[in-house]
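The next block holds one structure in the form of structure tokens; read it before the comments.
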Amino acid sequence: MAFQKPTGTQDLLPGVVEKWQYVEEKARDLCRRFNYREIRTPIFEQTSLFVRGVGETTDIVEKEMYTFDDKGNRSMTLRPEGTAGVVRAYVENKLYGEPDVSKLYYIGPMFRYERPQAGRQRQFHQFGVEALGAVDPAIDAEVIALGYQLCVELGLKDVKVEINSVGNATSRAEYRETLLGFLRPMKDSLCKDCQSRMERNPLRVLDCKVDQDKFVGAPSILDSLDEESLSHFAKLQAYLDDFGVDYAVNNRLVRGLDYYTLTAFELKAQGIGAIDTVGGGGRYNGLVGDIGGPDQPGIGFGIGLERIQLILEHQNIEVTTLAPLDVYFVALGEAADREVNRLLFKLRQSGLSGERDYLGRKMKAQMKSADRFKARYTAILGDDELERGEIALKAMDTGEQQTVKLDDLVAAVRGNQ
């Protein structure tokens with residue numbers, strides 16, 4: 001072929017895309033119940049937004065961003081994650097002026113240049129929520145519970161949450177010095193990324209996938225939390241207990257982004273080997289101010305839809321991929337063919353689904369198409385029936401057939417729903 005899809009992308013074909021729609025509809029319905037409203041932001045933003053919003057020491061900013069200069073010589077980047085763009089929209093459109101907490105969700109593509117593998121693509125898709133304007137740990141628990149409930153309602157097995165507190169600015173500063181005291185003696189034995197990050201953001205060193213075995217005795221950030229951070233974390237756990245969320249405290253969990261404060265968490269489910277993380281997130285109380293807005297707190301998460309699909313398949317969870325067709329029309333004769341076109345359009349206008357043959361096939365082949373589309377009814381019209389103003393309506397599950405007036409067809413189909 002002359003053209004193929006770019007490395008790290010995929011075509012979602014009919015028969016597969018319906019599985020994605022199923023997950024997306026579940027997510028949208030859950031957000032409706034939790035009173036989160038959809039927001040849609042551009043898929044590219046100024047590069048500086050992600051440098052400031054995601055963090056200079058993250059793998060995303062250092063290695064993975066799709067960055068380009070536009071025709072005005074402005075540096076732009078395809079969004080590598082959803083939070084920074086949502087927060088930018090929150091600030092630019094002054095949503096902080098609303099009297100209530102801004103509870104938002106998004107579904108869409110993200111872009112990171114990394115080695116493609118199972119559940120990880122260069123163009124990938126996320127469902128995420130962001131709650132801005134409240135520091136109450138009850139909203140942290142709500143956000144975590146929303147993500148947890150989505151996994152449960154999708155039928156994923158062994159759904160659980162790992163949580164941690166990365167503290168506020170005061171406790172993080174204390175922990176930074178404690179952690180550096182642990183890391184500095186081993187600096188020369190660490191990977192180059194860890195060595196470069198050690199002084200800039202030592203917490204990110206704990207997120208390294210190369211040197212994990214060397215951090216077994218690392219001090220816990222929980223031992224450095226001040227009273228405010230401890231109280232927030234304790235209340236969060238109490239709320240999660242009230243909700244019945246299955247969670248565990250993981251004091252090594254720091255997540256891969258620089259903006260987290262206090263709460264950090266990951267959503268997990270029974271996966272394939274080490275691939276068990278569905279998504280994650282945390283609180284980012286300083287991010288709104290960092291990108292030029294007022295000092296407003298926030299918390300959110302992102303869930304990878306590719307990862308969800310991978311786990312659904314691995315766990316053999318059946319997802320309905322094709323809604324049954326209401327009526328498949330079979331036309332026998334030229335005049336009948338034209339009338340079928342009119343009836344089909346009228347049926348669709350009424351809110352029902354329908355299809356017909358466009359290939360001039362014999363009746364037997366058309367009936368096979370009706371089976372493939374899982375049609376509830378087949379409506380058969382010949383020139384003789386047309387003269388009488390009638391059409392034969394056959395129920396495909398029982399084989400029963402009735403004759404109805406042409407103008408009563410929609411009512412007859414609806415009456416048997």
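Tabulated data
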read-out: Per residue, in Å², the accessible surface of the chain once ligands and nucleic acids are set aside, probe 1.4 Å; value: 50 Å²
read-out: Once the Cα gyration tensor of the chain is diagonalised, semi-axes √(5λ) in Å; value: 53, 23, 21
read-out: Most to least accessible of Thr170, Thr41 (protein chains only, probe 1.4 Å); value: Thr170, Thr41
read-out: Computed P(r) (all Cα pairs; the range 21-166; 10 Å bins; percent); value: 10, 34, 38, 16, 2, 0
read-out: Inter-probe distance in nm under a simple model that places probes 7 Å from Cα toward Cβ, at Ala248 and Ala169; value: 3.5 nm
read-out: Candidates Thr378, Thr77, Thr277: whichever shows maximal mean-square fluctuation once the chain is modelled as a Gaussian network with Cα springs under 10 Å; value: Thr378
read-out: Neighbour cut-off at most 11 other Cβ (10 Å), DSSP loop, chymotrypsin sites (Phe, Trp or Tyr not before Pro), the range 302-400; value: Tyr358
read-out: Accessible carbon and sulfur surface of the chain relative to its total accessible area, %, 1.4 Å; value: 49 percent
read-out: Area projected by the alpha carbon convex hull of the range 88-235, averaged over all directions, nm²; value: 12.2 nm²
read-out: Where a label projected 7 Å from the Cα of Glu177 along Cα→Cβ would reach, residues of the range 217-247 with amide N under 20 Å; value: 218-230
read-out: Above-threshold pairs, the threshold being 20 Å between Cα atoms, out of Lys368/Lys394; Lys26/Lys268; Lys19/Lys63; Lys19/Lys157; value: Lys19/Lys63
read-out: Linear extension gain, Gln270 paired with Arg120, 0.36 nm per residue minus alpha-carbon span; value: 52.3 nm
read-out: Extension gain, Asn73 back to Lys374 (0.36 nm per residue minus Cα-Cα distance, nm); value: 103.0 nm
read-out: For the range 1-76, alpha-carbon Rg over 2.2 N^0.38 Å; value: 1.54
read-out: Zone residues, the range 386-417, relative to Phe345, backbone N less than 17 Å from point 7 Å out along Cα-to-Cβ; value: 407, 410
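The values are calculated or read from the model by the stated rules, or taken from the named source; none is laboratory data. Note that the structure is a prediction, hence the values are computed from the model and not measured. For neighbour counting, all protein chains shown are included, and Cβ atoms are generated from backbone atoms with ideal geometry for every residue, glycine included. Side chains are part of the model used for accessible areas, which takes the heavy atoms of the whole protein and leaves out ligands, DNA and RNA. Shrake-Rupley method; radii C 1.70, N 1.55, O 1.52, S 1.80 Å.
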